[in-house]
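Below: the structure, in structure tokens.
Any read-out appearing in this document is the output of simple, stated calculations on the displayed coordinates, not a laboratory observation. Every value quoted in this text rests on a predicted model; they were computed, and no experiment measured them. Cβ coordinates were reconstructed from backbone atoms using ideal geometry, including for glycine residues, and neighbour counts include every protein chain displayed.
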Amino acid sequence: MIKLLGILALLFAVCATTAKLNPDFLGVYNIQNVVRWTSLFGIISIGAAFVIITGGIDLSIGSVVGLVGCVMPILLVNKGWPAWLMLLAVMGMALLIGLIHGLLITKMRLQPFVVTLCGLLIYRGIGRWITNDRTIGFGSEFNDNLRLVATGKVHIPGLNGFAMPVPAFILIALVIVSALFLNRTIWGRHLLALGRSEEAARYSGIRTDRLVILAYVICSGMAGIAGILFALDANAVQPASHGSFYELYAIAAAVLGGCSLRGGEGSIIGVVIGAAIMRVLYNSINLLGIPTQLEFAIIGSVILLGVVADEIVRRALRNRAARKRLKRGNE
Amino acid sequence: MNLFRSSLGALLVVGIALGGCKKEDSDQPESTGKEKISLAFVTNGPANFWTIATAGVNAAAKDFDCNTDVRLPNGLVDQNRVLEDLLARNVDGIAVSPIDGENQNGKINEAAGRTHLITHDSDAPGSDRLMYIGMDNYTAGRMCGELVKEAMPDGGEVIIFIGRLEQANAKLRRQGTIDELLGRDFDPTNYDSPNARLEGNGFVILDTRTDDFTQAGSQSQAEDALARYPEIDGMIGLFAYNPPAILNALRGADKLDQVTVIGFDEDEDTLEGIKDGHIFGTIVQNPYMYGYESIRILAALAREDMSVIPEDGFLDIPARKIVKANVDDFHAELRKLMGED
């Protein structure tokens, strides 16, 4: 809980600073944009969190986003598939990718880093190959129907013209389901337990392999959902670069949001706040006219500081608890 | 003590977040000040080419008394986001080099509806942009093809290197080169698949290799091409960093001067290569003028002078051929523009 408050404070600090330096930050148009971007990146970050909680890693998220983006226009525009069938196909593809990752990691005992690194390369390559490296897009045919899933907005009464981007609703739904799954179901608790110590979890009768596979399926599934939204939002996909590095943003958001790369820890809300911090930082860099070249340096520094502060707080709490125990022991 | 340390940590974070942004505090009142126009120049990625354009932007900012901001986004999704952020900032005009002019129309129209929007370097013909500043890439590609023909009068086997084929300017530039080499008629709607082996007019175009916008990638592509086609006669590099990457690869393979190199754009190494005779020639655009003219026009538009828009919506800044005979003059001119003299 303290952790959540800490990261929320960081988000608030970045927002307040930007708004103070440039009041346009709080404009309806800008807030809508930031919410939309946060939703898109929030979704992949939740996926990354599930894998990180098991003590694993998924480096292929960006390439899955890219491949989904490449396949969508091909099926929809070139092959003329109906939208529902195309969506079913790309989601099936994403889930299958996750299943393969999970099986290779649990049954073949391969390291997650290696499996998903290969995935990163393979899916990127396939995407570039099937599109011949040409940017492909949806044209203008889907502007008023399918694309609304990513670009649509729903007016919220009484909020001064503010309209909630549709992806935000998708994110909220995914957050609720994921948080309930992680915190309120036996599988979620087992997932956290196996992240702390897979061996201990296995000896206590948890079928760890199944859970690990599930985590990778969820991660690629989230990348699939986000991939659909990213492609529809941009309306065009550059096969060589669409989604590249997104896995790192997702991992950074997860870590910023309180996941430990050692596994066993993480909160879904925290991860979404982590993703929000990253998007607000990107936004404020542009709004304040800070040179583009400094973008990565600033974002890297803020993440590092967040993690350092988190570690300091954690140690302080641990020391305090230890001292209390000692005191009680002495009494 | 613990409480002290944890508060220190929290303070540190907030302090840096504030400090990181405060750095910009000094420019801030200027750029939000309504009395001075604020304009943005958005590129299609980070590249040396845009450094020259930035010099033009800065010169025009002085001449036409406005604040300018050059943004170098990383890919299409990032470019869309940068446009949104600039609109949120209520800039008075944007000049953008769209990465995918066709499919980005929605975002470009959104921007055009909120501010003065023009395109430079690469166009978005179907959009609501007010005008396009740049050159005709297909024609420039054909000029590049002419240089290849001059350098290799007997024809031969060549390979093309280009950063990526996704943006309109790259497609057209490559196609112009191919059509000229194969002796085809002038038709910018042609498109040959990058993997196709093309033959005609005494030339064989073995392949087109893309490198995802990195010089290291381009060099390794060139090295691999030398390994695969040891007898290759010519290498054509169509993005600014391609010719230097080709030179590096040739140097490494000890094949300088055995393979004819034709380039594009005015990278320092390319110009030095022409002086040394390792590169036959290059086609240069005029990025400085892209930057300068973009700001000149946007500043006028912001002051409600619509007469700066040409009737056909196209301000042509033609390409030029640079070979050994005129490279020194060109280099001197470039240095002057960049303020290096």
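The table below lists the values:
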item	result
Per-residue average of Cβ from other chains inside 10 Å of A:315-322	3
Residue-count net charge about B:I133 - beta-carbon cut-off 14 Å; Lys, Arg +1, Asp, Glu -1	-4
Förster radius 35 Å - calculated FRET efficiency between A:E311 and A:R184 (Cβ-Cβ, nearest 0.05)	0.75
GluC sites (Glu not before Pro) restricted to DSSP loop in the range B:175-237 with at most 14 other C-beta within 10 Å	B:E231
Of the DSSP H helices in chain A, those whose Cα atoms cover at least 30 Å axially and whose Kyte score averages 1.0 or more	A:28-53, A:83-106, A:208-234
Taking A:W187, A:W84, B:W50 and counting other C-beta atoms within 10 Å, the order from fewest to most	A:W84, A:W187, B:W50
For B:A111, net neighbour charge (Lys/Arg +1, Asp/Glu -1) across residues whose Cβ lies under 10 Å away	0
Shielding of A:18-31 by partner chains, average beta-carbon count, 10 Å	4
Amide H contacts of B:I133 (H built 1.01 Å from N, under 5 Å, at least 5 apart or other chain)	B:T119, B:H120, B:D121, B:L315
Distance between modelled label sites at A:L99 and A:A19, nm, 7 Å Cα→Cβ extension	4.7
Ascending count of other beta-carbon atoms within 10 Å, so fewest first, for A:V177, A:V14	A:V177, A:V14
Amide N proximity, the range B:159-181 versus B:F314 label position 7 Å along Cα-to-Cβ, cut-off under 19 Å	B:167-180
Highest-first arrangement of B:56-66, A:211-221, A:45-55, B:133-143, where packing means the average Cβ count within 10 Å	A:45-55, A:211-221, B:133-143, B:56-66
Ascending count of other beta-carbon atoms within 10 Å, so fewest first, for A:H155, A:H190	A:H155, A:H190
For the protein assembly as shown, alpha-carbon Rg over 2.2 N^0.38 Å	1.03
Surrounding net charge for A:S220, when Lys and Arg each add one and Asp and Glu each subtract one, Cβ distance under 12 Å	-2
Relative contact order (%) - criterion: Cα under 8 Å, at least six apart; region: chain B	19
Computed E for A:I172/A:W81 - FRET, C-beta separation, R0 25 angstrom, nearest 0.05	0.30
Per-peptide average of other Cβ atoms within 10 Å, ordering A:69-78, A:17-26 highest first	A:69-78, A:17-26
Low-density loop cleavage sites - GluC sites (Glu not before Pro) in the range B:264-341, where at most 13 other Cβ are within 10 Å (DSSP)	B:E304, B:E311, B:E340
FRET efficiency estimate (nearest 0.05) - Cβ-Cβ, A:N319 to A:N132, R0 51 angstrom	0.30
Cα centroid separation - the range B:52-76 against the range B:132-171, whole Å	27
Exceeding the 24 Å Cα-Cα cut-off - candidates B:K62/B:K171; B:K149/B:K275; B:K62/B:K336; B:K107/B:K171; B:K149/B:K324; B:K149/B:K171	B:K62/B:K171
Mean-position separation - Cα centroids, the range B:239-314 and the range A:256-331, in angstrom	44
Theoretical gain in end-to-end length, A:F12 to A:R210 [0.36 nm per residue, Cα-Cα removed]	67.4 nm
